[in-house]
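Readers should treat all values here as calculations from the given coordinates under stated rules, not as data from a laboratory. What you are looking at is a predicted structure, and each value in this text was computed from that prediction instead of being measured. All Cβ positions, glycine included, derive from the backbone under ideal geometry; neighbour counts span all protein chains shown.
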């Protein structure tokens, strides 16, 4: 397969999953798209090498995760220097008509819980890959998933009760 | 499947449907512009840090022995290259392991316009770094920012003797505003506190010893001005950004070393997609501005050309893209040649030229050697591998290779 065709297929096939992976790490859909495009730009410059890896998408995911971690560290450093408090994720970049309540409930979770939910349920990563991405034990991921589900169910029930 | 699972699946599908990958040409263009953009990011962070961090005590690093000239250069190494003048240039090489993103950094120097290069020894040169950034202050002075790969610790080192010896310097204490020198390296600097408590970015330079950030005497009235890194051929400094007063994109030009700025709004088609999307070049008193980006997530390329014959007081939009006529994957800056042409380089379609003041473009008779940047030594084009070419008139190019 021609190199450009192969890369275009990888791009079209995995872009959305990787954006959602980055979303799980950052809680910001705009930043997630930015990181994913950066990861693909890196991969494009090394596409001959990437094509020889066992899983180009896993290669890209590692880049996305490293970029997200670097972004987080840089941001926390600047926040500390500027004595800024951690900002809330920006208001919904993507208005989702049918699932607005659930989306808001997920955004309201703590970062650790939001990450496992987004990575597992929205980015479709198996639990062991979520654990690898977050650098956490599998048992911790399962426990966070369980608590996050309970919290989501509770928040959604509360909102229904308030209607 | 529970109700929650059904809702999660629905949300996943809906989120995916809202995410639209930009055109692949956008990624290709971005891949080639990563180095410049990373430099801008580093500069911005450094500018922010500059207002809040005290300068630590300086310490001299031991003088290092110099290796022999013309050293071997790894084939996988990429360079951040800058000229201080026609003869003196420095190249910070990064040899990175992916996907980890950890890099080995090496510095090379030339004093004869790139014909011969010598490798310099950096302190802690065997360590791995997440990022390296080079600022060439003048022929002998340079500053390197490095970010350790492991703990992401920032370190800034400076040299006054062409990279032979080094000392640690702080993140750049804020100095008093001062006129820019004609050959100044321009960067974003923090000139005060923004309304959101962050940094209000402006235009400035670094003091000759690399230890202070020096704002220009006056600031262009732009939100986060994106400044050209050195003066144009006619000695003008420029910046582009959103005009604070009008909320429109505007170009600011200073013809008096940053003491006053002439700011003119311009009408922009589509979205200027990257921090280094704007470029201003000059030849014989005629200024050209090009803008790169994409229209509605379409192909990445040249969006517009503006021309000024009165030092930036008025701009004429000579060429404008539509979704069908984007000159795709334009890279680097344009070249305003001594014989009156305007050249733009595209990795996708080759070099195009305009002989009517930027109104129409046709395939160029003579192709540019590669993506071009403007330096204090003239136009520098990136060729294949470690090859470059340099030109002062945009017509005649001399090739050279690092290493």
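The mean sequence separation of alpha-carbon pairs under 8 Å and at least six residues apart, normalised by the residue count of chain B, gives a relative contact order of 12 percent.
Computed from label points 7 Å out along Cα-Cβ, the spacing between residue B:339 and residue B:242 is 4.3 nm. Among B:140, B:124, B:284, the largest mean-square fluctuation in a Gaussian network model of chain B, built with springs joining Cα atoms closer than 10 Å, belongs to B:124.
Only Cα sites of segment B:229-294 enter the Debye sum here, all with the same form factor; the resulting log10 I(q)/I(0) across q = 0.16 1/Å is -0.54, listed in q order. Using R0 = 45 Å, the C-beta based FRET efficiency linking residue B:161 and residue A:135 works out to 0.55. Taking the number of Cβ atoms within 10 Å of each Cβ as an exposure proxy, the fewest-first ranking of A:15, B:379 is A:15, B:379. Here the spin labels are modelled as points 7 Å beyond Cα on the Cα-Cβ line, and at residue B:367 and residue A:153 they lie 6.4 nm apart. For segment B:156-211, just say rounded, prolate or oblate: build the C-alpha gyration tensor, square-root its eigenvalues into a ≥ b ≥ c, call rounded for a/c under 1.5, and beyond that prolate if a/b exceeds b/c, oblate if not. Cα axes put segment B:156-211 in the oblate bin. Express in whole angstrom the spacing between the alpha-carbon centres of segment B:239-259 and segment B:324-403. Between the Cα centres of segment B:239-259 and segment B:324-403 lies a distance of 26 Å. As a calculated quantity, the FRET efficiency between residue B:9 and residue B:193 at R0 = 41 Å, using C-beta atoms, amounts to about 0.35.
With the biggest extent put first, the Cα atoms of segment B:334-403 measure 40, 26, 16 Å across the principal axes.
As a ratio to 2.2 N^0.38 Å, the alpha-carbon radius of gyration computed for segment B:108-163 takes the value 1.22. When chain B is treated as a Gaussian network with alpha carbon springs shorter than 10 Å, the biggest mean-square fluctuation among B:222, B:327, B:11 belongs to B:11.
Set the Förster distance to 45 Å, then compute FRET efficiency between residue B:320 and residue A:146 from the Cβ-Cβ distance, nearest 0.05.
The value I calculate is 0.20.
Extension gain, residue B:112 to residue B:384: 0.36 nm times the residue separation minus the Cα-Cα distance gives 95.8 nm. Taking every Cα-Cα distance in chain B and sorting them into 20 Å bins starting at zero, the pair-distance distribution P(r) comes out as 26, 57, 15, 1 percent. Between segment B:117-176 and segment A:5-73, the C-alpha centres lie 30 angstrom from each other. With the largest listed first and rounded to whole Å, the semi-axes of the equivalent ellipsoid of segment B:112-256 from the Cα gyration tensor are 29, 20, 14.
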